[in-house]
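Chemist: Quick one: structure below, then a few questions.
The values are calculated or read from the model by the stated rules, or taken from the named source; none is laboratory data. In this text the structure is predicted, and so the values were computed from the model without any measurement. Please note: Cβ atoms are built from the backbone with ideal geometry, for glycine as well, and neighbour counts cover all protein chains shown. Side chains are part of the model used for accessible areas, which takes the heavy atoms of the whole protein and leaves out ligands, DNA and RNA. Shrake-Rupley method; radii C 1.70, N 1.55, O 1.52, S 1.80 Å.
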There are 2 protein chains.
Amino acid sequence: MRVRIEDVAAAAGVSMKTVSRVLNNEPTVKEATRLRVQAVAKSLNYRPDPSARSLAGRRSYLVALLYDNPSANYLMEILTGVVEACEQYHYGMVVQPVAYTRADFVQTVESLVALSRLDGLILTPPLTDSIALLDRLDELRIPYACVSPKVREGGIGVTLDEQEAAREMISLLASMGHTRIAHIRGHAAHGASEWRHEGYCNGLRQAGIDYDPSLVVQGEFSFDSGMQAAHALLDLDDPPTAIFAANDDMAAGVMSVAHGRGLDIPGDLSVCGFDDTPVSRQIFPTLTTVHQPARDMGRQATVELLKAIQDPASGQMTHMPYALQIRHSTGPAHRQRT
Amino acid sequence: MRVRIEDVAAAAGVSMKTVSRVLNNEPTVKEATRLRVQAVAKSLNYRPDPSARSLAGRRSYLVALLYDNPSANYLMEILTGVVEACEQYHYGMVVQPVAYTRADFVQTVESLVALSRLDGLILTPPLTDSIALLDRLDELRIPYACVSPKVREGGIGVTLDEQEAAREMISLLASMGHTRIAHIRGHAAHGASEWRHEGYCNGLRQAGIDYDPSLVVQGEFSFDSGMQAAHALLDLDDPPTAIFAANDDMAAGVMSVAHGRGLDIPGDLSVCGFDDTPVSRQIFPTLTTVHQPARDMGRQATVELLKAIQDPASGQMTHMPYALQIRHSTGPAHRQRT
DNA sequence: CTGTTAGCGCTTTCAT
DNA sequence: ATGAAAGCGCTAACAG
C-alpha cells in the first residue's frame, strides 16, 4: 500500500503537520525533529502524493515549457535542461505548443495556467518577445522565466550576448580578408534577428567596411528561406564573398545553393551560421557557427523560475557564455570568381 | 472565482454526482439531463480541477512519453502527435527521459508510474524492445502503447513495415544497375536495425545479388558512426557503388566522407538513408530516404492508449504507411572509378 | 436513472 | 516550535 504522511508522522512520533513542514522546508522546525522526520520519510520511501498536495495547497508543483514552432534540436536541448532542473527540485513539467500568431493566444495561455494551476512558465523565443503576453503574466502575478528574451529589465531567465557573438563572427570574416560580407536576417518576429543584425553592423563598422543594404536580405530561419536568399545574393552584380546567415538552417540552405552552382566553399564563398545545431557538423564542409549552451540555458532558466516561485523577490536574469565554433566553411577570400 | 462542480449542479438543478456522470461520459444519464448539464457547464465555462479529480478518482489523467536518447527531430514529431491526441481527449502529458542501459531502469519506470499515478505510457524505441520492461508493465497492468515495437502480438501502438521499406529501397538501387550495395546497420539495441537489415537481405535476394558480408558494417545511428563505416567500406578493394545506411544521420556521415574523398554523388556513389529527417533535405545532394509519418504515429499510438485506459479490452496495433522519398543522392551506377 | 454520504492525502487555518 | 480540526474539489459506494 502507499505510504502516507500519516504513516510517517506516526513512525516519527510527531503530527502530520510537522511532517508537512519538514517536507516543505518551512523554517519553524527544530533541527533535531527535522532530521528525524527526514530519516523516517526516507526509510519508509515516502513520496507525497502530487494530487493531494496540489489540491490542498492550491498549486500544482508543475511548470510548463511553452514554445511556438522552434527548431526541434534547439527545443530538445532546452527541454532536457528543464527536465533536469525539475527532477532536482521535485517538480513536474508539461510541454505546450502555443501559436503566438493567433489572436487569442494570450488568453489561451491564461486559461492553460488557470485550468492546470500551473505554478510557472518557461518561455522560449519568440514567445519571449510578446509584450502582450509578458504584461498579462505580470498582471496576473504568474511567475515565468524567459530564454533569450529581448530586453526587459528585472525579468528572470537567461540571456546570451548574441549581438557580440555576431560581431565577433563578422570580425573573423573581415580578418580573413572579406569585404563583401552579406547577412541573411532571421524571422522578423524574433528578437534574435535584431541582435544578430546589429552585431553584423557593429562588426562591419569595426572593420571599416561600409554597410551595403543590397547585401542584407530577409530570411525566416528556414532552410528554404536560406536558399532563396542565397540565390538573390549570388545573382548580384557584385556578389558577396562571405555570407553570415542568422541561423544554421539558413546557412545550410546557402551551402546547398552554392554547391548547386558549382561554387567551392570556402574557396569561392565563405558561409557561417548561428546556433551550432547538429546539422552544422553534418553538412559538407562543416559549418562555422556560434554555439549556445541551450541545455544549460534551459536548466538555469528553470532553476531561477523555481526560486521565484518559492520567493517572488528572488529569481535572476543569468548571463550565459557563447562560443564561436570555427569549422571548415569559412576561409580567406582569395579565389577569383570566373 | 473558480467554477466548481457544485455550481454547475446548482445551476442545472441536479446533484453533483449527476454532473460528474455527465463529465465522465457514464451511460446511465437521461439524455435530456445530459444535454442540460453540458449546456450549463459550457455556459459557466466549467473545467474540472485536475488535482481534485485525480485525488478522488485515484488516477492522474496523465500519460507519460518515455524515451531514451532518440534523434531530436524524431522525438519532436512523435511528441507533437502525442500532444495533439492528449488535447483532444483532455489528458495531460509529461515527458520523461529514461536511461534503459541502467540496471535499475525498470524500477525507475515503475516508481515513476506509482509516484505520479500515471494512467499510461507511450514507449518509443529502443524502450519498446525491452522485454523486461514490457513484461513488468503487463504484470502491473499498466497500459502502454508502443511506437514501432519489435514484434509482440496483442500489444497496442503503431508499427510500420520497415523491412518492406528497406527491401524496396534495395530494389530501387538494383534497378539502377547497382550490384555492389553496402549496408550500414543501426544500433544493435534497436529492433529497427534488424528489420532494416532483413529488408536489405530480401532486396538483394530478389535482385539475384549474393549477400557479401564484407559489405555490411555495424553503425550505431550516429553521424560519426556513419563516417567510420563509410571509410571502412570505401577502403575495400572492391568498394560498393551504393550504400544504404539504416538512418539519415549515418547517411549524412557517408556523404561527408564521400565529399572529402572527392567522390561525386550519385555519379561515383549512391547513398540512401531512412527516416526522412530534416537533414535529408538540407544536405547536398538531397538524400533519398524512407519517410515515416512520425507525428501521426505519435497521435495514433496515444489514441489507442487512451482507449485502452478507458477499456482494457480495446486498443489496437495500427499499421502506418511509409513512403520512399527519392531525391538526388541516388542514381545509375555508370561512372567508372579512377 | 439519480442523490447522499464519505472520504482521497495533503495543507491550511488557528490554537497552544 | 508543534498540534487539531477543517476543508481543497472531486468521485466511489451505496442507496433509493
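Chemist: For chain B, what Kirkwood radius comes out of the mean inverse Cα-Cα distance, in Å? Mind showing how you got there, number by number?
Modeler: On the way: mean 1/r = 0.0448 Å⁻¹.
Mean inverse Cα-Cα distance, inverted, gives 22.3 Å.
Chemist: Let me ask something additional. Please identify every one of the GluC sites (Glu not before Pro) in the range A:142-183 that sits in a loop by DSSP and has no more than 11 other beta carbons within 10 Å of its own beta carbon. Write down the numbers at each step before the final one.
Modeler: On the way: sites: A:E153, A:E162, A:E164, A:E168; in loops: A:E153.
Taking the range A:142-183 and a limit of 11 other Cβ atoms within 10 Å, the loop GluC sites (Glu not before Pro) found are A:E153.
Chemist: Moving on to the next point. Rounded to two decimal places and with Rh computed the Kirkwood way over Cα pairs, what is Rg over Rh for the range A:5-47? Each step should come with its number before you reach the end.
Modeler: Numbers: Rg = 8.8 Å, Rh = 9.8 Å.
Rg/Rh: 0.90.
Chemist: Run the quick spin-label model on A:E87 and A:Q206: label points 7 Å from Cα toward the beta carbon, then report their separation in nm to one decimal.
Modeler: Simple spin-label model gives 3.9 nm for this pair.
Chemist: Could you state, as a whole-number percent, how many of the C-alpha pairs of the protein assembly as shown are farther apart than 49 Å?
Modeler: Of all Cα-Cα distances in the protein assembly as shown, 22 percent exceed 49 Å.
Chemist: Label-to-label distances across copies for B:N45, with labels 7 Å out along Cα→Cβ, in nm, shortest first?
Modeler: 4.5
Chemist: Could you compute how fast the range B:162-292 diffuses translationally, taking Rh as the Kirkwood radius over C-alpha pairs and applying Stokes-Einstein at 25 °C with viscosity 0.890 mPa s? Give it in µm² per second.
Modeler: Roughly 175 µm²/s, to the nearest whole number.
Chemist: Chains A and B: what accessible area do they bury, summed, in square angstrom to the nearest 100, with a 1.4 Å probe?
Modeler: Details: alone 16420 and 16440 Å², together 29810 Å².
In total, chains A and B hide about 3100 Å² from solvent.
Chemist: So which helices of chain B fit the span-like rule, where a helix is a whole DSSP H run, its Cα atoms reach 15 Å or more along the axis, and its mean Kyte-Doolittle is at least 0.0?
Modeler: Going by DSSP H runs, the hits are B:72-88, B:105-116, B:223-234, B:248-260.
Chemist: Among the listed pairs B:K30/B:K307; A:K17/A:K307; A:K17/B:K42; B:K17/B:K307, which have their C-alpha atoms separated by more than 32 angstrom in this model?
Modeler: Those over the limit are A:K17/B:K42.
Chemist: Suppose you put the label 7 Å out from Cα in the Cβ direction; list, shortest first and in nm with one decimal, how far A:I131 is from each other copy's label.
Modeler: 6.3
Chemist: Which loop-located trypsin sites (Lys or Arg not before Pro) does the range A:2-50 contain, where loop means any DSSP state but H, G, I, E or B and the Cβ has at most 11 other Cβ atoms within 10 Å?
Modeler: A:R2, A:K30
Chemist: Tell me what chain B gives for mean residue ellipticity at 222 nm when only DSSP H runs of n ≥ 4 count, each as -39,500 (n - 2.57), the sum divided by the residue total, rounded to 500 deg cm²/dmol.
Modeler: Calculated mean residue ellipticity at 222 nm is -14000 deg cm²/dmol.
Chemist: Using a label position 7 Å from Cα in the Cα→Cβ direction, what is the ascending list of nm distances from B:D161 to the same site in the other copies?
Modeler: 5.9
Chemist: Residues of B:249-258, mean number of Cβ from any other protein chain within 10 Å of their own Cβ, rounded to a whole number?
Modeler: So the per-residue partner count for this stretch is 2.
Chemist: Something else: Would you mind telling me the antiparallel percentage of the DSSP bridges in the protein assembly as shown, rounded to 5?
Modeler: The answer is about 10 percent antiparallel.
Chemist: Right, another one. In whole Å, what is the distance between the alpha-carbon centres of the range B:276-302 and the range A:44-74?
Modeler: Cα centres, the range B:276-302 to the range A:44-74: 31 Å.
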